[in-house]
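Asker: One structure coming up, written as structure tokens, with questions to follow.
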Amino acid sequence: MVSGKNHWLFLIHPWLPLLCVLNVLHASQSNVDNRTETNVSPYQYILDLLDGTRHGYNKKIRPGYYQGAPTNVSCAIHVNDLEKVDDLLMEYSMNVYFRQSWKDERLKFIGNETLQLHYSLVDKLWLPDLYFNNGRQSKVHDFPVPNYLLRVSPDGTILFSQRVTLNLACYMDLANFPLDTQACPLMFGSYGMTQEHLVSSWRSNSPIALDMEIAEQLPLFVLTGYRHDICTDMYYTGTYVPLWQLFLFECDILFQKTYWLLC
């Protein structure tokens, strides 16, 4: 004989899986309803998510984590200025727009327009931990305000761009000076996330933008071309997928002759 209390548990038990499924569907429907509230604009919806007013976003958790998939980050570089190529210090400097894009399903919203977010919201977003492997010094410009561009599309795609000045190592072979050609790399990738967690790639359209007229203003060297690719690095901590770009420089013989005659 089953007691009264246990009798009810016995009757409900077979329905527990169904009740769990209904609960999940209700929660999902509630989330969709929140996105379609007529009194909440898409911008306010994103603000509420990032501020924690609305549940569903945690910047400490990368996109794709719960799905067991790596986060794909698409990258592009726009070179504003090639400042110098220093054969004595074995380095070169440039000013760039460093652009990263990735998709975060948690930031989907109902709408047709891409939202331009305030630069201060960068601190509330999950960001890729990309760093420049051969960087000696770098500066993110912040005058008069941080030089950030931040956008989110209705499908949750994030575009994050920042203006950066880079001082990069370039180990040169000067055996053929002044008829030498140098290949100076720019390498970057995830610092702490292996390929199981983050995969970086070049943007499919115009991954590198550079005005060759800028390069003609360099003293000592002339930029003759550039190319980019992806590689795989294996370390004790795991396998990483960094991106690299090579800038090809030739010694400016005319400038060298003028320089030494003046000296």
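The values are calculated or read from the model by the stated rules, or taken from the named source; none is laboratory data. On a predicted model such as this, the values are computed, not experimentally measured, just so you know. A quick note on method: Cβ atoms are made from the backbone with ideal geometry, for glycine too, and the neighbour counts reach across all protein chains shown. Heads up: the accessible areas ignore ligands, DNA and RNA and are worked out on the full protein's heavy atoms, side chains in. Shrake-Rupley method; radii C 1.70, N 1.55, O 1.52, S 1.80 Å.
Asker: Please go through the range 190-221 and pick out each residue that is open to solvent by less than 80 Å² (accessible area, probe 1.4 Å), free of Cβ contacts under 8 Å to residues at least 60 places away in the same chain and either of a type in the set (Gly, Ala, Ser) or not in a loop (DSSP other than H, G, I, E, B) (or both).
Answerer: Met212, the sole residue that qualifies.
Asker: Pick out the one residue from Leu159, Leu150, Leu130 that is open to solvent by 50 Å² or more (accessible area, probe 1.4 Å) and under 25 Å from Asp81 (Cβ atoms).
Answerer: After ruling out the rest, the residue left standing is Leu159.
Asker: Something else about it: Would you mind finding the one in Val73, Val85 that is open to solvent by less than 30 Å² (accessible area, probe 1.4 Å) and at pLDDT below 95?
Answerer: Val85
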